[in-house]
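**Student:** To start, I am sharing the structure in question, which I have written as C-alpha cells.
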Amino acid sequence: MKVAIIGCGAAGLTAASYARRTNRGARVTIIERGSSPAYSRCGLPLLLAGEIQDPQSLLFADQEWYRANGIELLLKTGAVKILPEERKVLLSGEHTGELAYDSLVLCTGADPILPNLPGIGLRNVFTLRGLDDALQILEVLKTCRSAVVVGGGAVGLEAAVALRSRGLEVTVVEMLPQILPGVLDPEPALEVQRSLEARGLKFILNSRLEALEGKERVEEVVAGGHRLPCDLVLLCLGVRPDLTLAAEAGLEVDRELQAIKVNSRMETSEPGIYAAGDCACSPSFTGVHILNQLGTTAVRQGKVAGINAAGGRAELPPLVGTFVTKLFDLEVASAGLTEKQAGELGIGCISAAAELSCRPKYSPDRLRLRIKLVASQEGRLLGGQIVGPREAGLRAQILSLSLALGKDVGWLASAEFCYHPLVGEVNEPLSTVAEILARKLRR
C-alpha cells in the first residue's frame, strides 16, 4: 500500500507516523516544498523572545527519525498537481516526475494574509508564519527600537509580548474594537488588554491598516488616521488555507470557511483523499463545520487521517475549539463558543461571569481567576473563558470535556472536584459560576 502525504507540518508528520503504526508494510512518503521537516510554529514567539536559543530545538524530529521509521521525506519538492483518477501526484523541485498513491493526505496548511497596500514590500516588514521568518526578524532586531504589530489575535499578541520582552516599544494595531476576538468576549478581552498595557504594550483598536511608508525600509505605519513611527512591522492578520491543489482536483470546499471540507474520518469528497490541519474544516460540537487552526487540532486530525489512509479505522470527535496562551504572566484560555459566535449561529444564549478565589482565604498560595460561562437558553453549556495568572488552561480542559460530552449548566454546577488548601478551593470556581448561571436560567 502506498500512502502519500503533501505537507510536513504538525498534521503531515502525525499522519505519516500513524500511517506507519497502522500498516507496517505501507510505503509512506511525505512531500514537502520547504527545506525543513516539521517543527513547532507555536514556539516561534519564544524564539523571538530569546527564551529558546537553538532554532533546531523546535524540530519535532530530525531526518534520521524519518529514515529509522521508514518514512520517505522529499524536501524541497512541490506537489504540482493531483490526478485523482490515476491516483498520482506530479512533482517538481529536487524530486520530479510522478508519485503513485493508494491513499493521499492533504496537509497543505495555510498562507499568511497579506494586504495589497502601499509599502508592503519595504524592508523590515515581516509575517511570523515560519522558522525562516523568525530568523530574519532576529537578524534585524539588533538595530530596532520600536515595532508595530498589526493584528490583535493570539499570534500578534504573543509576538508583541516577545518584542516587548526584548526592550522594544511595541504598538498593536487591530481593526476590530477588541483584541482576541475569536476566543474572548469584549469584557475579558478588555481585562487582558489592561494587563498588557501595564507591561508597556500600546493598543490602537478600531483602526484598519492603510499604508506602510519609508524609503527603503519601513519607517511609519498609517492606520485609522494614526501615524506610527517604527523600525519593524509584523503583519499578523491571520492565515488563509492553501486550496490550490484541492480546488484543481475538484475537492469540495466549504464556501464560507474557504477550507477543504472533511467528515469525521477526515475524508474529502474524493475517495482515497484525506485532509488535515490548517487547510481542513471538520464537524464541531454545535453540528456545523469549523476551521480550527490550532496545533492540537492539526495533530488530532492528522492522527485520524493517517490511520484511515493506511487502512485502519478512526474517527475524530466533534471539535470544541480549546485555546490557551500565556502573555507575560497572564494565562488566557477558552473553550467552545463566545456569546458573539453563538449569536452568529442563531443560538439564543445567556452568560454569567465572576472573579473568584481558587484557594481558601487562609491559604498561603493566593490565586484569583475571572471566569465567564456561556449556555443556551435551554441550559446546555456552549463555552467559557478564563483569565488569570495560572490554571486558566487547566479549567479550559475541564470545560472542553464538558462541552464534548454535551453537559448542561446544572451538571457542571454539581460536578465533583478534588480539594486541598494549597491546590484548590472547596467550591471549585467553575462550579460556582455555573451555579450563578443556573440561577439566571431559572428566572
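Only the coordinates and a few stated rules stand behind these numbers; no lab work does. Computed from a prediction, not measured in an experiment: that's the story for all the values here. Because the Cβ atoms are built from the backbone with ideal geometry, glycine has one as well, and the counts that use them run over all protein chains shown.
**Student:** Could you sort the peptides 118-128, 411-421, 164-174 by per-residue average Cβ neighbour count (10 Å cutoff), highest mean leading?
**Tutor:** 164-174, 118-128, 411-421
**Student:** Another question, if that's okay. If you average 1/r across every pair of different Cα atoms in the range 125-235 and take the reciprocal, what Kirkwood value do you get, in Å? Provide the component values of the computation, followed by the final result.
**Tutor:** Working: mean 1/r = 0.0711 Å⁻¹.
Evaluated on the range 125-235, it is 14.1 Å.
**Student:** Also, quick follow-up: ³J(HN,Hα) across the range 109-118 via Karplus (A = 6.51, B = -1.76, C = 1.60, θ = phi - 60°), whole Hz, x for Gly/Pro?
**Tutor:** x, 8, 10, x, 7, 10, x, 8, 9, x
**Student:** Something else now. How charged is the neighbourhood of ILE31? Take every other residue with its Cβ under 11 Å from the Cβ of ILE31, and add Lys/Arg as +1 and Asp/Glu as -1.
**Tutor:** Details: positive: ARG33, LYS76; negative: GLU32, GLU72, GLU94.
Summing Lys and Arg as +1 and Asp and Glu as -1 gives -1.
**Student:** Just round it to a whole percent: the fraction of Cα-Cα distances in the range 267-384 exceeding 22 Å.
**Tutor:** On the way: 3473 of 6903 pairs.
That fraction is 50 percent.
**Student:** Specify which residue in the list GLN193, PRO177, ALA147 is farthest towards the positive end of the charge dipole of the range 125-235, using unit charges on the beta carbon of Lys, Arg (+1) and Asp, Glu (-1), about the Cα centre.
**Tutor:** The residue sitting farthest along the positive end of the dipole is ALA147.
**Student:** For the range 251-324, what ratio Rg/Rh do Cα atoms give with a Kirkwood hydrodynamic radius?
**Tutor:** On the way: Rg = 11.2 Å, Rh = 12.0 Å.
Across the range 251-324, the Cα-based Rg/Rh ratio is 0.93.
**Student:** Please name which of GLY384, SER414, SER363 has its Cα lying farthest along the dipole of the range 322-442 towards the positive end, using unit charges on Cβ (Lys, Arg +1; Asp, Glu -1) and the Cα centre as origin.
**Tutor:** SER363
**Student:** Sticking with this one: Please work out the C-alpha center-to-center distance from the range 332-375 to the range 94-122 and express it in whole Å.
**Tutor:** Each part's Cα centre sits 38 Å from the other's.
**Student:** Check ARG217: other-chain or 5+ apart residues with amide H under 5 Å from its amide H, H built from backbone geometry?
**Tutor:** Close amide H contacts, sequence-distant or interchain: ARG123.
**Student:** Which residues' amide hydrogens lie under 5 Å from the amide hydrogen of ALA211, considering only partners 5 or more residues apart or on another chain, with H built in the peptide plane?
**Tutor:** For ALA211, whose amide H was placed from the backbone, the distant partners under 5 Å are VAL222.
**Student:** A follow-up question, please. Compactness ratio of the range 17-141: Cα Rg over 2.2 N^0.38 Å, N = residue count? Working shown, then result.
**Tutor:** On the way: Rg = 17.6 Å, N = 125, 2.2 N^0.38 = 13.8 Å.
Dividing the Cα radius of gyration by 2.2 N^0.38 Å gives 1.28.
**Student:** Looking at the chain only, what percent of DSSP beta bridges run antiparallel? Nearest 5 please. Mind showing how you got there, number by number?
**Tutor:** On the way: 55 of 90 bridges.
Of all bridge pairs located within the chain, approximately 60 percent are antiparallel.
**Student:** According to a simple spin-label model (label point 7 Å from Cα along Cα-to-Cβ), what is the distance in nm between LYS326 and VAL426?
**Tutor:** For VAL426 paired with LYS326, the spin-label model returns 3.2 nm.
**Student:** State the Kirkwood hydrodynamic radius of the chain in Å, one decimal place, computed from all pairs of distinct Cα atoms. Kindly include the intermediate steps, with their values, before the conclusion.
**Tutor:** Numbers: mean 1/r = 0.0428 Å⁻¹.
Taking the inverse mean of 1/r over all distinct Cα pairs, the chain comes out at 23.3 Å.
**Student:** Here's something else I'd like to know. Rg over Rh of the range 111-164, using C-alpha atoms and the Kirkwood radius, what does it come to? Write out the running numbers ahead of the final one.
**Tutor:** Values: Rg = 11.2 Å, Rh = 12.1 Å.
So for the range 111-164, dividing Rg by the Kirkwood Rh gives 0.92.
**Student:** How large is the Kirkwood hydrodynamic radius of the range 322-442, counting all unique pairs of alpha carbons, in Å?
**Tutor:** 14.4 Å
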